[in-house]
Amino acid sequence: MIKLRNTYVFYFVIISYILINAYVLLFKRDMFYLFNMLPLIILIVLLAIFSIEKIMYLMVFSTPLAITLKELGLTEGVNLSLPSEPLMIGITMIYFLNELSNQVTDKRILRHPVTIIIFIQMGWMLLTTITSELPIISVKFLLSRIWFLTSCYFICTELFKKQKAIIYHLLFYSIALAIVAIITTIKHSAYAFDEKIADWIVSPFYNDHTAYGAALAMYIPVMFGVLFMKNISFYIKVLCFILLFIFLSSIIISYARAGWLSLAVSLAVLLTLALKIKFRTLLFSLIGGIVLFLSFQTEILMVLGRNNTDSDGDFMANVESMTNISTDVSNVERLNRWSCALRMFEEKPVLGFGPGTYQFLYAPFQKSSMKTVISTNFGDKGNAHSEYLGPLCEQGLIGALIVFALVLAVMFLGYRLVYTVKDKSIKILTITLLMGMSTYFVHGFLNNFLDTDKASVPFWGFLAMLVCIDVYYRDQETTEKLL
C-alpha cells in the first residue's frame, strides 16, 4: 500500500508539473525560464540538506562556467555569478547554522597560524568597513569575502579530512575550466587566434584573459603532479594528462603574459625545492633583491623605458613587452593605477578608504601625464590591479601587512611541509599545490582577482588543502588508493 501510494504521489507531481508548465508557457511566458529552474532549485535544496559534500562539488564545478548578472544584462548594480555565488551563500548559511549547533570545525584548523591570520584579516576588514568612505560598497565586499572564505576554505577543511575529497575538488574545477578553455579556443580560432581579441574572447565566463590565465596557471602544476602520484588510478592520470595538455595549449594562446611569468616563477620554486633551499634563505635573498632594486631604481627604470616592444601575436614579442613601461598601454595603465593607489595611501595611511572602494574613488588621484587611452574616470574598468596595493589604499598599512603576512605564512608552510611530509604521494601533491599558490602570488603583483568567485575557489581551496595536509596527513607514512 505504501509503495502504491508513493507511486501515485510521484505521478501526481509529474503530471501537475507538466500541466502548470503548459499553462506558464501559454499565459505567463515571461515566467517560463524561472519556473523551469524550480526542479534544479529543489535538487540543490535537497543536496544541501542531505549531502553538503555533493553541493560543494556542484559549487566548485559551476564556478568556471558561472556567468555574472552583468554579463547576462540583468543588472548594473549588485553583481553575482550564477549559479556559483548563490550556492556559496547557501553553503555559508548552512555552515554557520551547523557551527552554532554542533561546532563542526576542527579546533586544530581554527588554531592553525594560517587560519589565525585569516581571522585577523577579517577583523581588520570589518574595522575599515566601519570607517569606509563608501560603507555600502565595503559591506558588500566584506560579505562576499565571508561567503568566499566559508565555502572555499572553512567547509573545505572539513571535507579534506578525506584525501579523496582533495582530488575530487581539483578535478571538478579542472574539468569545468577545460570546458571553458575548449569553448574559448573554438571561438578564438574563428579569428585566427588574433592577440587583439584575446582579452574579451574569454567572456562570458571570465571578464578578461588575465583572470583566465591565472586560473590556468594555478592548475597546470597540479595536473602535472597528479601524474606522478602512486595512489591515483591509470584512468584518472589519463584524464589529468588530457587536462594538462588543454591547459598548456590554452595559456599559450591566451596571451596572458602574467600567466607565463607566474609559471616561470613556479618552476623556480620547484628548483629551490629540488636543491632543498630553506624558505628563510629565499626570504633574505628576496629582501636583498628589493634593497638592490630600490638602490638602483632610477637606472633600472631608464633601461625599461628604452623598451618599446609592444605585445602582439609573436610569442617572444609578448615576453619582451612585459618590461615595456613606455608604449605598452596595458603596462602603462597599470603604472597609472598603482600610482593612484600610492597617492590614496598617502592621504589615508592608517585605515584607508574602505574595502572595495578603490575603483570608485581613484579617478581624482590620476595625473593627466600618466593617463592612457584606456583610462577612465567612471569607476567602470576594474581595480588597483594588485593584491598588495589594493589593500594598502583600501585598508591602510596594516591591511597590506596582513596580506604579506598571509603570503609569507603560506610559503613557509609549503616549504616546511615539502621537507617534512613522509608519504611520497602527499609530498608531490604538496609541491604542486605550493607551485600553484606561487603562481597566484606572482599574479598578485600585477592583478587582483580574490574579489571574484573564479579565483577564490582555487586560491582558498589550495590553501585549505595545504592546511589539511599539515594537520591530518603530514606524519602519515602510507596513503590508500584514492581514485
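What follows is calculated from the coordinates using simple rules that are stated; it is not laboratory data. Predicted model only: the values in this text are computed from it and were never measured. Heads up, the Cβs are rebuilt from the backbone with ideal geometry, glycines too, and the neighbour counts pull from every protein chain shown.
Some points to look at:
- Residue 385 long-range amide H proximity, modeled H, under 5 Å: 448
- Length gained on full extension, residue 236 to residue 18, computed as 0.36 nm times the residue gap minus the Cα-Cα distance: 74.5 nm.
- Per-residue Karplus couplings for segment 233-241, computed as 6.51 cos²θ - 1.76 cosθ + 1.60 with θ equal to phi - 60°, are listed in order as 5, 4, 5, 5, 5, 4, 4, 5, 5 Hz, Gly and Pro entered as x.
- Panel order for 93, 411, 344, by other beta carbons found within 10 Å of each beta carbon, from fewest to most: 93, 411, 344.
- Gyration tensor verdict on segment 221-292 (Cα atoms; rounded if a/c is under 1.5, prolate if a/b is larger than b/c, oblate otherwise): oblate
- Full-stretch length increase - residue 26, residue 404 - with 0.36 nm per residue and alpha-carbon distance subtracted: 130.2 nm
- Spin-label model, residue 397/residue 196: points 7 Å from Cα along the beta carbon direction are separated by 4.7 nm.
- For segment 233-279 versus segment 181-219, the spacing of their alpha-carbon centroids is 18 Å.
- If the chain linking residue 369 and residue 127 were pulled fully straight, counting 0.36 nm for each residue of separation and taking away their Cα-Cα distance, it would gain 83.6 nm.
- Taking other C-beta atoms within 10 Å as the exposure proxy, 243, 159, 19, 227 rank 19, 227, 159, 243 from fewest upward.
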